[in-house]
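The values are calculated or read from the model by the stated rules, or taken from the named source; none is laboratory data. As the structure is a computational prediction, the values presented were derived from the model and not from experiment. With ideal geometry, Cβ positions are generated from the backbone for all residues, glycine too; neighbour counts draw on all protein chains shown.
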Amino acid sequence: MSRLLEGVRVLDLTNVLAGPFCGYQLAQMGAEVIKVEVPGSGDLARQLGADPDLNKKLMGVSFLAQNASKKSMTLNLKSGKGRDLFLKLVSASDVVIENFRPGVMDRLDLGYPVLKSIRPEIIYCAISGFGQTGPLRDNPAYDQIIQGLSGVMSVTGGPDTAPMRVGYPVCDTIGGLTAAFAIASALFRRNVAGTGEFIDVSMLEATLVTMGWAVSNYLIADVAPQPMGNENVTASPSGTFRTGDGLLNIAANKQEQFETLCRLLGREDLAADPRFTEREARKRHRSALKAELELALADQPAAHWETVLNRAGVPAGRVLSVPQVLDHPQIAERGLVQRFPSVSGVGRDVAVVRAGVKLSQGDPGPRTPPPILGQHTDEILSELGISAEDREQLRRDGVI
């Protein structure tokens with residue numbers, strides 16, 4: 001297959017999650033992504049994850065999760081020789097991604113104006129917590145900080161538990177996806193008009209954009225969103241219900257779905273109850289309705305009701321753990337998980353998730369396993385015309 005971004009070279013200077021996740025999406029779509037890392041230590045994510053032994057090997061699980069299909073080279077950007085080498089790389093590249101605090105690249109004399117003078121068509125993407133401007137631009141930002149400031153925590157959990165953090169780094173991930181989309185769009189425009197671009201991605205703003213309904217309810221309807229736990233603010237019955245064994249999500253958002261649900265549970269009386277006959281009434285009396293439905297659902301386990309309800313057109317799904325969903329036949333059938341055997345630096349197989357999209361001309365996914373630190377330094381510098389003797393001197397000088 002011809003991969004969608006084949007022929008595009010990306011220099012990935014990023015660390016930990018938002019930036020590396022962006023680069024991972026581009027790599028799976030066929031771009032050559034060169035991860036430029038600090039000599040000796042590399043991406044901090046190499047030291048993060050649930051396996052301490054891998055952290056010591058600088059192949060931490062957090063790194064393995066989003067760096068497959070990339071190349072790794074080490075380069076000290078604070079040195080004059082390192083800077084010169086990076087500029088040579090830029091002259092033969094299409095995209096630069098960084099997630100330093102605003103101003104860091106300028107202080108290294110490697111900001112967008114400098115790179116643009118070397119490669120006018122360069123697409124430069126800066127990912128930061130708050131963007132390149134504004135009163136918070138210089139603040140350090142981690143996912144949890146953005147979750148709190150964005151309002152995500154304020155609407156997560158129930159009235160008695162909110163504010164609560166979402167259970168994975170959702171803001172970092174959103175920032176990375178937003179950056180990847182913007183880069184792909186800029187590459188398309190460059191193919192048409194021949195122009196480069198400076199992309200300024202704010203994780204705070206990217207997260208707010210994905211909170212569309214919660215934000216719009218306030219902006220347009222002047223209704224501030226409230227934490228509702230596992231309930232759906234737009235409909236009832238729509239949320240998480242106890243069954244005879246396990247929890248079940250039901251989303252009977254349409255009138256016909258509600259009536260079908262009542263029939264399947266043998267509770268047609270609920271559809272005729274004045275408290276529940278129409279949508280807004282059900283929302284006002286959602287607690288009473290939930291209690292009645294759970295009495296009926298207690299007769300069978302969640303797996304039974306999942307099958308029965310979906311077969312009749314009522315959306316339903318069990319609440320699964322991460323191991324359970326990764327073992328699900330649906331995930332196996334779609335080939336989401338990809339395994340690399342005996343990965344260098346790890347000493348065992350490594351499994352990663354692919355792009356999460358399928359294409360008619362061939363599905364995107366990583367072609368090579370996550371690289372050990374500096375694995376491709378010699379290869380890349382050789383392509384730039386740097387001799388083996390000069391590379392050894394660069395190593396002695398601490399440049400690579």
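Quick check: anything in region 375-393 under 22 Å from the mean Cα position of the chain (by Cα) and of a type in the set (Lys, Arg)?
Scanning region 375-393 turns up no residue that is under 22 Å from the mean Cα position of the chain (by Cα) and of a type in the set (Lys, Arg).
Restrict the check to region 46-57 and report whether at least one residue is assigned by TED's automatic domain parsing to the domain that holds Cys171, of a type outside the set (Val, Ile, Thr) and touching a strand residue (DSSP E or B) at 6+ places or on another chain (Cβ under 8 Å).
No - not one qualifying residue is present in region 46-57.
Within the group Thr207, Thr240, Thr178, which residue is in a strand (DSSP E or B) and modelled with pLDDT of 95 or more?
The conditions single out Thr240.
Within region 281-391, considering only strands (runs of 3 or more DSSP E) that don't extend past its boundaries, which have at least 3 residues that are among the β-branched types (Val, Ile, Thr) and assigned by TED's automatic domain parsing to the domain that holds Leu54?
Output list reads 350-353.
Within region 337-360, identify whether any single residue is aliphatic (A, V, I, L, M) and more than 25 Å from Val61 (Cα to Cα), and answer yes or no.
Yes, there is a match, as at least one residue in region 337-360 is aliphatic (A, V, I, L, M) and more than 25 Å from Val61 (Cα to Cα).
Take region 334-362 and flag every residue that is charged (D, E, K, R) and surrounded by 17 or more Cβ atoms within 10 Å (Cβ to Cβ).
Within region 334-362, just Arg354 meets the criteria.
Residue by residue through region 83-107, note down the ones that are in a helix (DSSP H, G or I) and either of a type in the set (S, T, N, Q) or in contact with a Pro (Cβ under 9 Å, 6 or more places away or on another chain) (or both).
Correct list: Ser91, Asp106.
Determine the pairs where a residue that is closer than 10 Å to Pro369 by Cα and at pLDDT 95 or above, located within region 337-354, has a partner that is aromatic (Phe, Trp, Tyr) and part of a strand (DSSP E or B) with Cβ atoms under 8 Å apart, the partner being 6 or more residues away or on another chain.
Here the result reads Asp349/Phe340; Val350/Phe340; Ala351/Phe340; Val352/Phe340, each pair linking region 337-354 to a residue that is aromatic (Phe, Trp, Tyr) and part of a strand (DSSP E or B).
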